[in-house]
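Notes for the one structure printed next.
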Amino acid sequence: MFLKNIKLKNFRNYSEVNFSFNKNKTLFTGKNAQGKTNLLEAVFYLAMLNSNRIKKDIELVKFDKDMAYISASVEKQGVNIDLDIVINPPKNKILKVNGIKKSKHKDFVRVLSVVNFSSSDLMLLRGEPSDRRKWLDLAITQVYPKYTDNLAKFNKIRLQKANYLSNFGINPDMLDVFNSQLAIASSNIVYLRLKFLEEIKSIASEKHKCISEFENLDIKYESAVIKELIPIDKMTELFLDVLNQNKEKEIIRQTCLVGPHRDDICFLINNLDARKYASQGQQRTIVLALKLSELDIISNKTGDNPLLLLDDVLAELDDKRQNFLLKSIKGEIQTIITSVDTFFFDKEFLSDVEIVNIENGEIIK
Ligand SMILES: Nc1ncnc2c1ncn2[C@@H]1O[C@H](COP(=O)(O)OP(=O)(O)OP(=O)(O)O)[C@@H](O)[C@H]1O
Ligand SMILES: [Mg+2]
């Protein structure tokens with residue numbers, strides 16, 4: 001997969017920009033607050049129709065403008081695909097693949113795959129459970145596009161139920177209707193989360209061992225309901241049981257107490273919870289292993305290499321981890337890197353990298 005070209009109009013601090021990628025590796029340099037992360041965000045948005053920095057699409061539209069445009073040409077297995085997005089809040093965004101409108105997100109997000117690795121990811125283990133769930137959910141979306149629908153369905157029912165619980169005069173029959181829908185929606189999510197974690201665990205623990213030598217990485221899903229990967233219909237039954245057991249409590253507390261929205265992911269190094277005990281370096285090794293494993297999983301599942309976006313991350317890694325990362329991305333993986341300076345990169349690596357400057361929302365070749 002190769003992102004050949006990207007055009008932005010009124011996106012974040014870009015008025016109008018048109019950039020063609022000439023090499024497999026591109027390094028965007030520039031001072032702080034010039035638009036480096038914004039550019040990577042646009043590429044990420046093309047792949048995921050989401051961004052880990054935004055709550056609402058309006059934030060992507062340039063101040064004082066109404067609409068933002070992102071267009072791109074992608075070469076995928078020898079075929080050229082044009083992507084167009086018009087972000088026009090509060091209206092729905094307009095999505096086109098090769099000029100044809102797509103109403104379903106999953107028909108759009110299938111085209112471009114990316115793995116994004118930014119300095120904020122290095123805080124994944126120190127962050128909140130919601131940060132870890134977001135990482136996992138976005139990673140799953142890349143290999144199971146229909147997972148986006150699963151999440152949307154679950155969130156819709158959960159919000160409806162939460163609204164209902166916050167009102168007086170609860171009808172137990174109505175709660176049963178919500179719970180049976182939630183049991184199905186929850187198991188659709190947890191099943192794929194556990195499946196994906198099994199896959200990533202086996203790859204990441206190998207990579208982790210290459211960097212850390214003697215340490216053993218394990219990953220566990222923490223849920224009050226589901227302890228292991230079991231058939232999906234069994235999961236639904238378990239969810240229904242626990243939802244029924246919690247009916248009274250949920251009515252008193254007026255909130256949804258059971259479901260994948262309360263789960264977490266536990267990383268263990270030599271059986272110790274890395275969220276609590278790992279050093280900063282150990283945490284970075286875990287995240288690096290996870291990100292490189294995401295690349296492998298997407299390549300294996302889709303038969304095509306995803307793009308790798310490295311936002312300011314190399315400066316945060318020591319020599320050993322930096323070398324491991326750069327060695328792993330040699331070859332065909334198109335990599336878009338941002339950094340304040342070229343200082344952190346070794347000469348050999350830079351010899352095959354196109355270096356481009358970004359200044360105040362303009363790309364200067
Ligand atoms: N919707 C928007 N409209 C206009 N400008 C915006 C919008 N959203 C963000 N910006 C501005 O874009 C600028 C560049 O942000 P960006 O995060 O891309 O910087 P950066 O080059 O990655 O900097 P750093 O090196 O500090 O990470 C910021 O100053 C921010 O205020
Ligand atoms: Mg930045």
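No lab work stands behind these numbers, since they all come straight from the coordinates. It should be emphasised that the depicted structure is a prediction, and the values quoted were computed from it without experimental measurement. Positions of Cβ are backbone-derived with ideal geometry, glycine not excepted, and every protein chain shown enters the neighbour counts.
Give the angle, between 0 and 90 degrees and rounded to the nearest 10, that separates the Cα long axis of helix 280-302 from the longest principal axis of the Cα atoms of the chain.
Helix 280-302 sits at roughly 90 degrees to that axis.
Which far-off residues, 5 or more places away or on another chain, put their amide H under 5 Å from the one on Gln334, with H placed in the peptide plane?
Leu308
Taking H placed 1.01 Å from N in the peptide plane, check which residues at least 5 places from Val61 or on another chain put their amide H under 5 Å from its amide H.
Arg12
Would you list which aspartates and glutamates come within 16 Å of Lys23, measuring only between C-alpha atoms, while excluding same-chain residues fewer than 8 positions from it?
Straight-distance partners of Lys23: Glu75, Glu332, Glu348, Asp352, Glu354.
Taking the Cβ of Lys234 as the center, what net charge do the other residues with Cβ under 15 Å away carry, scoring Lys and Arg +1 and Asp and Glu -1?
-2
For a quick check: sort His105, His208 by the number of other beta carbons within 10 angstrom, fewest at the front.
Ascending Cβ contact count within 10 Å gives the list His105, His208.
By how many degrees, between 0 and 90 and to the nearest 10, does the Cα long axis of helix 129-143 differ from the longest principal axis of the chain?
70
Using Cβ contacts closer than 10 Å as the measure, can you line up Lys36, Lys301, Lys93 from fewest to most?
Arranged by neighbour count, lowest to highest, Lys36, Lys301, Lys93 become Lys301, Lys93, Lys36.
Using 20 Å as the Cα-Cα cut-off, could you pick out the over-long pairs in Lys9/Lys91; Lys31/Lys365; Lys195/Lys247?
Table pairs above 20 Å Cα-Cα are Lys195/Lys247.
Sort Cys256, Cys266 so the one with the fewest other Cβ atoms within 10 Å of its own Cβ comes first.
Cys266, Cys256
Going 7 Å from the Cα of Leu350 toward and past its Cβ, which residues in segment 3-29 have a backbone nitrogen under 18 Å from where you end up?
Label zone hits: 23-29.
Val340: net charge of surrounding residues, Cβ under 13 Å, Lys/Arg +1, Asp/Glu -1, itself excluded?
Here the count lands on -3.
Strictly over 22 Å apart at the Cα level, which of Lys153/Lys291; Lys62/Lys106; Lys62/Lys93 would you flag in this model?
From Lys153/Lys291; Lys62/Lys106; Lys62/Lys93, over 22 Å: Lys153/Lys291; Lys62/Lys106.
Work out the FRET efficiency for Phe2 and Asn88 from their Cβ-Cβ distance, taking R0 = 25 Å, and round it to the nearest 0.05.
0.30
Mind checking which of Lys320, Lys31, Lys220 has the largest fluctuation in a GNM of the chain, springs on alpha carbons under 10 Å?
Top of the fluctuation ranking is Lys320.
How many nm separate the modelled label positions at Asp319 and Ser180, each set 7 Å beyond the Cα in the direction of the Cβ?
Simple spin-label model gives 6.5 nm for this pair.
Separation between the Ile58 and Lys106 pseudo-spin-labels, each 7 Å from Cα along Cα→Cβ, expressed in nm?
So the label points at Ile58 and Lys106 sit 3.0 nm apart.
7 Å from Cα along Cα→Cβ at both Thr302 and Thr342: what's the point-to-point distance in nm?
In this crude label model, Thr302 to Thr342 measures out at 3.0 nm.
For Ile364 and Lys247 in the same chain, what is the full-extension length gain: residue separation times 0.36 nm, less their Cα-Cα distance, in nm?
36.1 nm
Starting at the first residue of segment 350-365, write each ³J(HN,Hα) from the Karplus equation 6.51 cos²θ - 1.76 cosθ + 1.60 with θ = phi - 60°, in whole Hz, x for Gly and Pro.
5, 4, 10, 10, 7, 9, 10, 9, 10, 9, 6, x, 10, 9, 10, 6
Under a point-charge model restricted to the Cβ atoms of Lys and Arg (+1) and Asp and Glu (-1), what is the dipole moment magnitude of segment 95-135 relative to its Cα centre, in debye to the nearest 20?
340
So what's the angle, to the nearest 10 degrees on a 0 to 90 scale, between helix 319-328 and the longest Cα principal axis of the chain?
90
Mean projection of the alpha-carbon convex hull of the chain over all orientations, in nm²?
Its Cα hull, projected and averaged over all orientations, spans 19.6 nm².
Using amide H atoms built in the peptide plane, which far-off residues or other-chain residues are under 5 Å from Asn116 H to H?
Here Leu309 satisfy the definition.
So how much slack lies between Ser73 and Ser119, counting 0.36 nm per residue of separation and subtracting their Cα-Cα distance, in nm?
13.8 nm
When the chain is fully extended, how far beyond the present Cα-Cα distance does Glu128 get from Asp173, taking 0.36 nm per residue of separation?
12.7 nm
Could you name the aspartates and glutamates in cross-link range of Lys320, using Cα to Cα under 13 Å and dropping any fewer than eight places away on the same chain?
Filter leaves Glu213, Asp346.
How big is the dipole moment of segment 126-302 about its Cα centre under a simple scheme where the beta carbon of each Lys and Arg is +1, that of each Asp and Glu is -1, and everything else is neutral? Debye, nearest 20, please.
With only Lys, Arg, Asp and Glu charged at Cβ, the dipole is about 420 debye.
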